[in-house]
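Asks: Below you'll find the structure I mean.
The values are calculated or read from the model by the stated rules, or taken from the named source; none is laboratory data. Just so it is clear, the model here is predicted, and its values are computed rather than measured.
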Amino acid sequence: MLLRCRDVSGLATDFLEGDLGWRQRLAVRLHLLVCDGCRAFLGQMRRTVRLVASLPVPPPTAEVEAKLLGTLSDPPPRTGGPAGR
């Protein structure tokens, strides 16, 4: 199966996350052997993922924390089904 650049860009996230079957993975790898542009694109994606993963996660604001705690402490909404009667 010969992939086009458009195909590779559509599969890039799954490829980087290891979520492709062996045939699709092989097809992407074969395309990367011959396509400088897609190799550069996937390299940029890898670097971006690593950079974002290395950023510190800021603590939630007081407003977000209050909303979250309020949501967790509220009982779930009743549904119209038998369990909600």
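Asks: Taking the options 10, 18, 43, 37, name whichever one is at positive phi and modelled with pLDDT of 90 or more. Explain how you work it out, then say what you get.
Replies: Values: 10 fails: at positive phi; 43 fails: at positive phi; 37 fails: at positive phi.
Exactly one of 10, 18, 43, 37 is at positive phi and modelled with pLDDT of 90 or more, namely 18.
Asks: Hey, could you check the range 46-83 for residues that are of a type in the set (Lys, Arg) and over 30 Å from residue 5 (Cα atoms) and say which is modelled with the lowest pLDDT? Even if it seems obvious, please write down each step before you answer.
Replies: First, the residues of the range 46-83 that are of a type in the set (Lys, Arg): 46-47, 50, 67, 78.
Of the ones still in play, those that are also over 30 Å from residue 5 (Cα atoms) are 67, 78.
Numbers: 67: 89, 78: 74.
My answer is 78.
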